[in-house]
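Participant: Below you'll find the structure I mean.
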Amino acid sequence: MLNERQLHDKTFHTFISEDEILNAVKKLAIQLEQEYEGKDLLFVAILNGAFMFASDLMKNFTSDVAISFVKVSSYHGIQTTGRVDELIGLNTSLLGKHVVILEDIVDTGITIDKVIALLNSNYPESVEVCTLLYKPEAYLGKHKPKYIGFEIPNKFVVGYGLDYNELGRNLKELYQLKEK
Ligand code: IMP
C-alpha cells in the first residue's frame, strides 16, 4: 500500500522505504571504507539536502574520517559581469586529502560539476562523488558519480533530507510526486 503525503499544493506517495535507504547507505559505507583504507579521507557534504545521508553514512563508518559541510553560493562579482561561485564552509586544507563529495541527489549534475571545480582549485589528491540518488535521464554533467545508492526515474522526490519548498526534509522514507 502506498502512503500519501500532502506538501504545500502537491501530493507525494511512498517510493523508497526507510529500511531500503539504510541498507543502501550501509553498503556505500562498506564500499568506501574498503576503497579508501589507509588514505587520508575527507567527506564534503553539500547542504542542505545531504545532512541526513551524511549523518547515517558517518554512523556506519568505523575507520577514521573527517567531514566538512559546505554550501554553494553564486553572486555577481563587483568587477565581473558573470556569476561567481564559491564554496562556503570549507575550512580545511585539501592538500594530500582524498575527497568524497556527499550529495543527496544528482539531477542535471550542474551542482556537483561546480563543486568539483571549486574543490580541485584547492589541490586535493583525488575527488569522487557519492550520492544517495541519481537521475540518469536528467544528467547532463561531466562527472558521473562513482558511488550511487539508487538510480531513479526523472521524477521529483522528497524526504530523507530532500525538500519541496523547504517541507519534507524530516521524512524518514523517500516520497515521489504523484502523477495526476
Ligand atoms: P543538479 O544541480 O541539477 O544535479 O541538482 C542538484 C540539486 O537540486 C540537489 O542537491 C537538490 O537540492 C535539487 N534537486 C534535484 N532534484 C530534486 C528532487 O527530485 N527533489 C528535491 N530536490 C531536488
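The values are calculated or read from the model by the stated rules, or taken from the named source; none is laboratory data. All of these numbers come straight from a predicted model, not from anything done at the bench. Here the Cβ positions follow ideal geometry from the backbone for every residue, glycine too, while neighbour counts run over all protein chains shown.
Participant: If you check Leu171, Leu118, Leu177, which single one turns out to be modelled with pLDDT under 95, over 14 Å from the mean Cα position of the chain (by Cα) and either aliphatic (A, V, I, L, M) or surrounded by 21 or more Cβ atoms within 10 Å (Cβ to Cβ) (or both)?
Facilitator: After applying the criteria, what remains is Leu118.
Participant: Can you name the residue in region 128-151 that is buried (at least 18 other Cβ atoms within 10 Å of the Cβ), of a type outside the set (S, T, N, Q) and in a strand (DSSP E or B) and, of all such residues, is farthest from the ligand (Cβ to nearest atom)?
Facilitator: Per the stated criteria, the residue is Tyr147.
Participant: Tell me whether region 152-168 contains one or more residues that are over 18 Å from Asn48 (Cβ atoms), more than 9 Å from the ligand (Cβ to nearest atom) and in contact (Cβ under 8 Å) with a residue 60 or more places away in the chain.
Facilitator: For region 152-168, residues over 18 Å from Asn48 (Cβ atoms), more than 9 Å from the ligand (Cβ to nearest atom) and in contact (Cβ under 8 Å) with a residue 60 or more places away in the chain: absent.
Participant: Can you confirm whether Glu125 is modelled with pLDDT of 95 or more, away from the ligand (no atom under 11 Å from the Cβ) and surrounded by fewer than 16 Cβ atoms within 10 Å (Cβ to Cβ)?
Facilitator: Against the criterion (modelled with pLDDT of 95 or more, away from the ligand (no atom under 11 Å from the Cβ) and surrounded by fewer than 16 Cβ atoms within 10 Å (Cβ to Cβ)), Glu125 qualifies.
Participant: With respect to the numbered conditions (1) within 12 Å of the ligand (Cβ to nearest atom); (2) more than 26 Å from Tyr160 (Cβ to Cβ), which one is the sole condition not fulfilled by Phe53?
Facilitator: (2)
Participant: Select from region 150-180 the residues that are more than 21 Å from Asn3 (Cβ to Cβ) and in contact with a helix residue (DSSP H, G or I) (Cβ under 6 Å, 6 or more places away or on another chain) and list them in ascending order.
Facilitator: Within region 150-180, none qualify.
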